[in-house]
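Only one structure is covered here, and it is reproduced in the block below.
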Amino acid sequence: MAVTDSARTVTHGDVPLPSLIFRVNALFLRHEWIRGYTLLSPTLLVMVMLMCLPVFMLVTYSFWTQNYLDIDRTFTLANYEAFFQKPIYVALIMKSIRMSLFCTFATIILAYPMAYFIAFKVKSNKLVWLILITVPFWTSYLLRVFAWKVILGYNGVVNSGLISVGLIDEPLQFLLYNPTAVVLTLAHAWAAFAILPIYVSLEKIDRSYLEAATDLGDTPSERFWRVTWPLSLPGVIAAGLLVFIPTVADYVTPRLVGGTTGIMIGNIIQSQFGKANNWPLGAALSVIVMLMIAFLVVVFIVTTTRGRAKSA
Amino acid sequence: MARDDYISMRNTSKHFGSVKAVDDVTFDIGEGEFFSLLGASGCGKTTLLRMLAGFEQPTLGNIFIDGQPQAGVPPHHRPVNMVFQNYAIFPHLNVNRNIAYGMRKSGLSKAEIDRRVDEMLDLIKLPGYGARGAHQLSGGQRQRVALARALIKQPKVLLLDEPLGALDKKLREQMQLELRALQRDVGITFVFVTHDQEEAMTMSDRIAVMSLGKVLQIDSPARLYEVPQVKEVADFIGTVNLFEGAIKGREGDSTIVDAEGLGTVRSTASGAEAPEAGPITVAIRPEKFQLTFSEPETSGNMVTGTMQAAAYLGDRSHYYVTVDGREAPIAVAAQNAERQLSVLGQHHERVWLTWNDDSALLLTA
């Protein structure tokens, strides 16, 4: 040992140190986490810049005060107090959550048969069907919302259709500008986000499970509720989260098809950053909505995984 | 009284488009029998099994189970249960609930079902495993749970689709014996699909050898090996040397054949009805030859040749002997009954092969 040590110190002087590239390579080979972070770094950078920084700014703003044109940067909880003092905000958040839950439920009910059809009934060209499902996304979200306005409007497709058939004499007024129209529009807009995860989880189910259930005496409907449905739950849960989270704070759809009764918390937040020009209050509302959603999602995930762990 | 036609196939065919997966099959399976369907992949054995289970409907013909025609009876109303190739243990249920899965409509109380599940766990030698999840089981354990899940329903027929294929060799051999013992205990008719002839021979009362949708021969393992009816069966079950030849005449019980490489052969055994004259195939199993390194004194069948290759396998040795008039070497197998460290033949050494008259089997060419 001693011999080799001394030999190394001797050669140290005359032999140049290993090149920088060589040393960096060695570092990469030795530590897997360095490789991991290097691969992640572009995305990580974007995430930090575009997500963490704005959120940080939002939280900071929520502790400041708007003074007509400039901002008072002294720390205050006044915005949060305002939220709890005015029942309209709490009521609106609750209403938004309720509408969003309803919309999530409707989306899953509509998406599940579609996903089931593609997973089990389509034998060839599944890709074509999956692409067809994304076709609505080839136009903008705004255009699709406007399309619903055209369908449900006073002189819209539904009304003029019903009149020409002779079922009604005057256009129906309850189709548009209410919470139902918002739920309908949102459910359509987010359908693909529900169909795809449910399809994936259905597609993954080994067909021999279904044959085994039938072999053991299940009728097709018993088999669905005892095998197919529980095994597709991960996809349903993912679909639920994917639809619920973005729809709670949506403001475009309620604005365009919701009328006065279909208004949601997103519209209030938007107005604080716009017309009302009270960024700190808007920021505080955003933070509260964010925390509420996070809380609900955590509760949802914990209960569903618990339930599944128990039944397993 | 056990009946011989507990399961009946009557001119059963299954066509997938232009492919005849099962082609006009007619046979019976007896009550309490361990019956195997043996064949290479694509021979139609699994399709036949799936028709018994009800997952496929016959294109033509009919299937009877215990005298009842099964046409149009859906799988969940058939008195059969199946053990699937990949076991299909429900991943979201524990062992207890997997085994009890099919008992919901049995009309039994929960306590009674629990008792039967425990009984089944004892039967498959996994007592105390009830609370485990499917993912916590090894391959062999899954196989047992799949078996218990099917047997608890006390089916008239248990269908097994290559259930041992995924297990390693040692475990497979152990499971073969266990499965056979279990079948004797419960007395249920087993229909077992496999491509492994050793497996089929170890367990079965009778084996149906299938090829290209047809059943070639149904017989006991011993008869399949010793008295194959057709060349394909002789070739599929074990190793066999096939010699082209022509019948020259008869002397009492024996037929005199002129076979390539062997010269004049006297045979007292024949598979299917051997023709009176004309071309014929002589089949001789490798272990039916006696190999000597000096000319033996015999008046019986004998041929001389040169050693092409020799392989020492421990319990036995394989030799390949080239004879005049035949291109392919003759395979010979010899038991190493005595310890021998270096008596394997030399390359190109001259050897003599002898065999008994009843070892040379005549098959239609």
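The values are calculated or read from the model by the stated rules, or taken from the named source; none is laboratory data. In this text, all values refer to a predicted model and were calculated from it rather than measured experimentally. Neighbour counts run over all protein chains shown; Cβ positions are idealised from the backbone, glycine included. Note: areas computed on protein heavy atoms with side chains; ligands, DNA, RNA excluded. Shrake-Rupley method; radii C 1.70, N 1.55, O 1.52, S 1.80 Å.
As a rough guide to protection, the peptides A:106-112, B:108-114 ranked by mean Cβ packing within 10 Å, highest first, stand as A:106-112, B:108-114.
Each of A:194, A:210, A:304 was placed along the dipole of chain A (beta-carbon charges, centred on the mean Cα), and the one lying farthest toward the positive end is A:210. Judged by the gyration tensor of its Cα atoms, with axes a ≥ b ≥ c, region B:208-365 is oblate; a/c meets the 1.5 cut and b/c is at least as large as a/b. Once all protein chains are placed together, residue A:255 keeps about 150 Å² accessible to a 1.4 angstrom probe. About its Cα centre, the dipole of chain B is roughly 2020 debye, where the only charges are +1 on Lys and Arg Cβ and -1 on Asp and Glu Cβ. The Cα atoms of region B:52-209 give a gyration tensor whose axes a ≥ b ≥ c have a/c of 1.5 or more with a/b no greater than b/c, which makes the shape oblate. Whole-Hz Karplus values for region A:163-173 come out as 5, 5, 6, x, 6, 10, 9, 10, x, 6, 9 Hz, taken residue by residue from phi with 6.51 cos²θ - 1.76 cosθ + 1.60 and θ = phi - 60°; glycine and proline positions read x.
The share of C-alpha pairs in the protein assembly as shown whose separation exceeds 33 Å stands at 69 percent.
Ranking B:52, B:37, B:230 by Cα position along the charge dipole of chain B, where only Lys, Arg, Asp and Glu carry charges on their C-beta atoms, puts B:52 farthest toward the positive end. In this structure residue A:251 has an accessible area near 100 Å², from a 1.4 Å probe over the protein heavy atoms. Taking all protein chains together and a 1.4 Å probe, the residues B:135, A:31 rank B:135, A:31 from largest to smallest accessible area.
Across peptide A:205-213, the average count of Cβ atoms from other chains found within 10 Å of a residue's Cβ is 6.
Check cross-link reach from residue B:288 to the lysines: straight Cα distance under 24 Å, and skip same-chain residues fewer than eight apart. Qualifying lysines at Cα under 24 Å: B:231, B:248. Take each residue of peptide A:214-225, count the partner chain Cβ atoms within 10 Å of its Cβ, and average: the result is 6.
Scanning residues 5 or more positions from residue B:301 or on other chains, those with amide H under 5 Å from its amide H are B:355, with H placed 1.01 Å from N in the peptide plane.
Inter-chain Cβ neighbour count for B:78-88, averaged per residue, equals 4 (cutoff 10 Å, partner chain atoms only). What does the C-alpha gyration tensor say about the overall shape of chain B? Classify as rounded when a/c is under 1.5, otherwise prolate if a/b is larger than b/c, or oblate. Judged from the Cα gyration tensor, chain B comes out prolate (a/c at least 1.5, a/b above b/c). Accessible surface of residue A:224, taken over heavy atoms with a 1.4 Å probe and every protein chain present, rounds to 40 Å².
Taken about its Cα centre, chain A carries a charge dipole of roughly 200 debye when the Cβ of each Lys and Arg holds +1 and the Cβ of each Asp and Glu holds -1.
For the protein assembly as shown, a simple Cβ point-charge model (Lys and Arg +1, Asp and Glu -1, everything else neutral) yields a dipole of about 3580 debye relative to the Cα centre. Here, region A:132-246 yields an orientationally averaged convex hull projection of 10.1 nm² when only Cα atoms define the hull.
The spacing between region B:1-58 and region B:198-264, judged by their C-alpha centroids, is 23 Å. Full extension of the chain segment joining residue A:37 with residue A:162 gains 39.0 nm, where the gain is 0.36 nm per residue of separation less the Cα-Cα distance. Ranking A:95, B:105 from most to least accessible surface, computed with a 1.4 Å probe over the protein chains only, gives B:105, A:95.
Ranking A:163, A:230, A:39 by Cα position along the charge dipole of the protein assembly as shown, where only Lys, Arg, Asp and Glu carry charges on their C-beta atoms, puts A:163 farthest toward the positive end. Rounded to the nearest 0.05, the FRET efficiency derived from the C-beta distance between residue B:173 and residue B:55 at R0 = 22 Å is 0.15.
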